[in-house]
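Encoded as structure tokens, the structure appears first; notes follow it.
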Amino acid sequence: MKLAQGISTIGFRKWYERRLLTGHAHLALVLLAVLGLMMALEAANRYATQTEKWLDYGVALACALGGGWALRRYLFLLVHTESIANQADCPACKTYGRLELVAADTRQDAVRVSCRQCRHEWNIEY
């Protein structure tokens, strides 16, 4: 969910929580991929036929590629979400995360938000 859509529909704090949960789901996928990689490599060493070994190496390669993608996605979500969260403090009253969407500018990758407490406006860049 995009930042502007998330702030306007569910609020910043829920958007932030969902992004972190999505990122951590990718981390769980990394752990499963590592487990699958280890099992495939162990199985490749146990079976005697060449076909089974190549099949196990193919599964190991798929697990490695999937785990690499999931790790990259996890790191992107975590860094991107935290960089946005660091901008969610109101510069005027220092209230965190109580935002309303004022305007979204997709050309500049920024959203204009206002504080619900003091109505101060500022830009959050993503």
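When each of Leu65, Leu75 is tested for being under 17 Å from Thr22 (Cβ atoms), out of contact with any Pro (no Cβ under 6 Å at 6 or more places or on another chain) and either modelled with pLDDT of 95 or more or surrounded by 14 or more Cβ atoms within 10 Å (Cβ to Cβ) (or both), the lone residue that passes is Leu75.
When region 81-99 is filtered for residues that are out of contact with any Phe, Trp or Tyr (no Cβ under 7 Å at 6 or more places or on another chain) and either over 20 Å from His120 (Cα atoms) or part of a helix (DSSP H, G or I) (or both), the ones remaining, listed by number, are Glu82, Ser83.
Assess whether Gly6 counts as being touching a helix residue (DSSP H, G or I) at 6+ places or on another chain (Cβ under 7 Å) and under 30 Å from Val111 (Cα atoms). Yes: the conditions hold for Gly6.
Residue-by-condition table, conditions (1) within 22 Å of Gly11 (Cα to Cα); (2) touching a strand residue (DSSP E or B) at 6+ places or on another chain (Cβ under 7 Å):
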{"position": "Leu35", "(1), (2)": "no, no"}
{"position": "Glu42", "(1), (2)": "no, no"}
{"position": "Thr51", "(1), (2)": "no, no"}
{"position": "Arg72", "(1), (2)": "no, no"}
{"position": "Ala85", "(1), (2)": "yes, no"}
{"position": "Arg112", "(1), (2)": "yes, yes"}
{"position": "Cys118", "(1), (2)": "yes, no"}
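For region 5-64, taking the residues that are in a helix (DSSP H, G or I), more than 30 Å from Gly97 (Cα to Cα) and aromatic (Phe, Trp, Tyr), the one that is farthest from the chain's Cα centre (by Cα) is identified as Trp54.
Taking the numbered list (1) under 21 Å from His80 (Cβ atoms); (2) touching a helix residue (DSSP H, G or I) at 6+ places or on another chain (Cβ under 9 Å); (3) free of Cβ contacts under 8 Å to residues at least 24 places away in the same chain in turn, Ala40 passes all entries but (1).
Quick one: how many residues across region 37-93 are small (Gly, Ala, Ser), more than 20 Å from Leu3 (Cβ to Cβ) and out of contact with any Leu (no Cβ under 8 Å at 6 or more places or on another chain)?
Start the filter on region 37-93 by keeping residues that are small (Gly, Ala, Ser), which leaves 40, 43-44, 48, 58, 60, 62, 64, 66-68, 70, 83, 85, 88, 92.
Right, trim to more than 20 Å from Leu3 (Cβ to Cβ) and you get 40, 43-44, 48, 58, 60, 62, 64, 66-68, 70, 92.
Going one step further and asking which of them are out of contact with any Leu (no Cβ under 8 Å at 6 or more places or on another chain), we end up with 40, 43-44, 48, 58, 62, 68, 92.
The number of residues fulfilling the criteria is 8.
Take the conditions among the aliphatic types (A, V, I, L, M), outside any helix (DSSP H, G or I) and touching a Phe, Trp or Tyr at 6+ places or on another chain (Cβ under 7 Å) and apply them to Val102. Does it pass? So Val102 does not fit the description; no.
The values are calculated or read from the model by the stated rules, or taken from the named source; none is laboratory data. For clarity, every value in this text was computed on a predicted model and none was experimentally measured. All Cβ positions, glycine included, derive from the backbone under ideal geometry; neighbour counts span all protein chains shown.
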